[in-house]
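Student: So that we are looking at the same thing, I have put the structure below in structure tokens.
The numbers here are math on the coordinates, done by the rules we state, and not lab data. None of these values were measured; they are calculated from a predicted model. Virtual Cβ from ideal backbone geometry, glycine too; neighbours counted across all protein chains shown.
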Amino acid sequence: MASTVNSPPTTGILPNSSLQTPFLPKTSQLSIFKKKKPFTFASRKVVSCKASNGSQNNEHSSSPNRFDRRDVLLGLGSVYGATNLVMDPFALAAPVSSPDLDLCEKATVASKSAGTMKVACCPPKSAKIIDFKPPKFSKIRYRPAAQSVDPEYLDKFTKAMELMKALPIDDPRSFMQQANVHCAYCNGAYDNGDPSHELQVHFSWLFFPFHRLYLYFYERILGNLIGDPNFAMPFWNWDAPRGMPIPEIYVDPNSPLYDEKRNVDHQPPKLADLDYSVEEDLSKRDQIKSNLSVMYRQMVTNKTATLFLGKPYRAGEKSSPGAGSIEQSPHTDIHKWVGDQRETYKEDMGNFYSAGRDPLFYAHHCNVDRMWNIWKSLPGKKRRDFTDTDWLDSSFLFYDENANLVRAKVRDALDTKTLGYDYQKVNIPWLKNKPTPRRPGKASAKGQAKAAETNNTTVIRNVFPIVLDKLVRVEVPRPKKSRTKLEKEDEEEVLVLQNIQLDRDVGVKFNVYINDEDDETPTGPEDSEFAGSFSNIPHNQNKAGVKLDTSLTLPISDLLEDLDVEGDDNILVTLVPKEGKGLVSIGNIKIEYIRE
Ligand code: C2O
């Protein structure tokens, strides 16, 4: 397996100088871990980032320092000086305002192999914008689980979708115009006249409220078309075993719910893979276990608003500061799992510009939306929405069932009951699926690092940013701060991966584990060591070449407790690239305490 320092270079350090933003920590801020026990070149294979063999690597001319080795153990010292890596220093604190439709431009869709195309997905203009008012209704409508709807419901739903598809193409309520809503908000059509600040509703705290409102208007349009204001869309119940395959109602080729651009290998009864990157042939049982464990981690372990809903994103700030847990996974994984691999841009679900063209998109997002409700209902005092007015007053534009243009704010989206709907109550099996430590006993970073080294792992120092083209291990120090019991309860210890940079049009996925040294049997979501994952769906900005520059924040308090290493000074972080190896770099990794 793994190789030695002398092998030809491949694992990388910094392939592209454009990755170096002014916010990256200076290398002087990074130092070797474990000061008390100094490195010896004899006991650990050490490569510094100024490795002299870099120039031997000719196939990656843009990547002078790459090392060929499976495992890389990185030592990282104190980096607490660099706390504001994701903030835009010129940001004005203000809510993100709804887009100016007059300034809407064609969206951009790109891929390395097929090049760039422009897609017209701006909505029709309207002279008048009305402000959203909560609907009047006499009873709450319940969105049903798609796998268990009755024939009568299916008739109604099918009829509504047929009528929507039959509307004239320029009607803002038509199927394509509604699909384009997503395209415009997600592929760089809106910049309100400032090309450096294109609006993006993913990878931030706008994700849940934007999609909730989008579905709300979609549902109202459907209900209006069949004359039933109580009509409620179905949700794809992928968080429970029976709901894990694509719901049957969506796979009849003669139904308006069908979309031919889906992965042919993922038809029912195949179960969705909530930790999807590449095909892994798990038994049905193992797939269910993995899926339920992903759900537990994302829903139960991620307790605070930032962790669950995503990072703050205000007017004038760089978009995509960091997605919340469910947005990352399984939301993104499922998009990619459904998208058609044969299509150039992985249409429909596998690219933001086209995702809304698959009727399944709306069922998928209903379940995402349902998770927001469930998350708030779980025990614990941290599970609250943000109260920041920059969030509450962020606004979007949608066409309603009467083809009026409506401005709706995040504050309008907080409670589904004021919007007149809720979800059918179904069993929530993942609540009982707490991941367990992979092996009994204490798995300290020290022990794990040692084991990793005996497994031919190499130690690198002063390496950030790193390119993730191999499994990489980093020993990360915990803040040296003693905390009272109360502080411990109020705070969440988090692992932050800063300045995750990649081209927007590539699919990327990597998983993050703590204190896990073994790479022979892969660790999975069912293990306590699994902290979370990062995943990107191809999507573009108008401004060419602007990389996605985002972050990933993962809660680790519960994991440290489960692994019985709360007292340790360091943790060992393992990054496992699954998709898009070598296409993503990470600016820094640190541990902090957050309080919300
Ligand atoms: Cu706006 Cu599922 O993406």
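Student: Could you tell me the ratio Rg/Rh of the range 330-418? Both radii from Cα atoms, Rh via Kirkwood.
Tutor: Rg divided by Rh gives 1.04.
Student: Non-local amide H neighbours of Phe235 (under 5 Å, H modeled in plane, Pro and chain starts lacking H): which ones?
Tutor: Ala145, Ala146
Student: Whole-Hz ³J(HN,Hα) for each residue in the range 480-489, computed from phi via Karplus 6.51 cos²θ - 1.76 cosθ + 1.60 with θ = phi - 60°, x for glycine and proline: what do you get?
Tutor: My calculation for the range 480-489 gives 8, 7, 8, 10, 6, 4, 5, 4, 4, 5 Hz in order.
Student: Further, regarding this structure: With a/c under 1.5 counting as rounded, go ahead and sort the range 101-141 into rounded, prolate or oblate using the C-alpha gyration tensor (a ≥ b ≥ c being the square roots of the eigenvalues; past the cut-off, prolate if a/b is larger than b/c, else oblate). All intermediate terms of the calculation are to be shown ahead of the outcome.
Tutor: Values: a/c = 5.80, a/b = 2.06, b/c = 2.82.
It is oblate, given that a/c is not under 1.5 and a/b is not larger than b/c.
Student: What's the magnitude of the charge dipole for the range 461-556 around its Cα centre, counting Lys and Arg as +1 and Asp and Glu as -1 at the beta-carbon? Answer in Debye, nearest 20.
Tutor: About 620 debye.
Student: Could you line up Ile221, Ile249, Ile594 from fewest to most neighbouring Cβ atoms inside 10 Å?
Tutor: Numbers: Ile221 27, Ile249 20, Ile594 15.
If I rank by nearby Cβ atoms, fewest first, I get Ile594, Ile249, Ile221.
Student: Further, regarding this structure: Give the shape of the range 321-360 as rounded, prolate or oblate, defined through the alpha-carbon gyration tensor: a ≥ b ≥ c are the square roots of its eigenvalues, a/c under 1.5 means rounded, and otherwise the shape is prolate if a/b is larger than b/c and oblate if not.
Tutor: Prolate shape, in that a/c is at least 1.5 and a/b is the bigger ratio.
Student: To the nearest 20 debye, what charge dipole does the range 332-416 have about its Cα centre, counting +1 at the Cβ of each Lys and Arg and -1 at the Cβ of each Asp and Glu?
Tutor: Result for the range 332-416 is approximately 460 debye, rounded to the nearest 20.
Student: Between Ile169 and Ile129, what is 0.36 nm times their sequence separation minus the Cα-Cα distance? Round to one decimal in nm.
Tutor: Residue separation times 0.36 nm, minus the Cα-Cα distance, leaves 12.3 nm.
Student: For Asn254 and Met176, compute 0.36 nm times the residue count separating them, minus their Cα-Cα distance, and round to one decimal in nm.
Tutor: So the chain would gain 26.2 nm between Asn254 and Met176.
Student: Here's a follow-up. Quick one: what do you get for the range 259-393 if you divide its Cα Rg by 2.2 N^0.38 Å?
Tutor: Expressed relative to 2.2 N^0.38 Å, the Cα Rg reads 1.15.
Student: Additional query: Cut-off is 10 Å between beta-carbons; in what order do Tyr190, Tyr593 appear when sorted fewest neighbours first?
Tutor: Numbers: Tyr190 26, Tyr593 16.
Taking fewest neighbouring Cβ atoms as first place, the list is Tyr593, Tyr190.
Student: Calculate, for Glu162 and Arg595, the FRET efficiency according to 1/(1 + (r/R0)^6) with r their C-beta to C-beta distance and R0 51 Å; round to the nearest 0.05. Each step should come with its number before you reach the end.
Tutor: On the way: r = 51 Å, r/R0 = 1.00.
For Glu162 and Arg595, the calculated efficiency is 0.50.
Student: Can you give me the long-range amide H partners of Asp505? Hydrogens built in the peptide plane at 1.01 Å from N, cutoff under 5 Å, separation of 5 or more residues or another chain.
Tutor: His539
Student: What residues have an amide H closer than 5 Å to that of Ile571, excluding those fewer than 5 places away on the same chain, when H is modeled at 1.01 Å from N in the peptide plane?
Tutor: Amide H neighbours of Ile571, under 5 Å, 5+ apart: Val476, Arg478.
Student: How do Met161, Met176, Met244 rank when sorted from fewest to most other Cβ atoms within 10 Å of their own Cβ?
Tutor: Fewest to most other Cβ atoms nearby, the residues stand as Met176, Met161, Met244.
Student: If you bin every alpha carbon distance in the range 154-239 into 10 Å steps from zero, what whole percent lands in each bin?
Tutor: Using 10 Å bins, I get a P(r) of 16, 39, 31, 12, 1 for the range 154-239.
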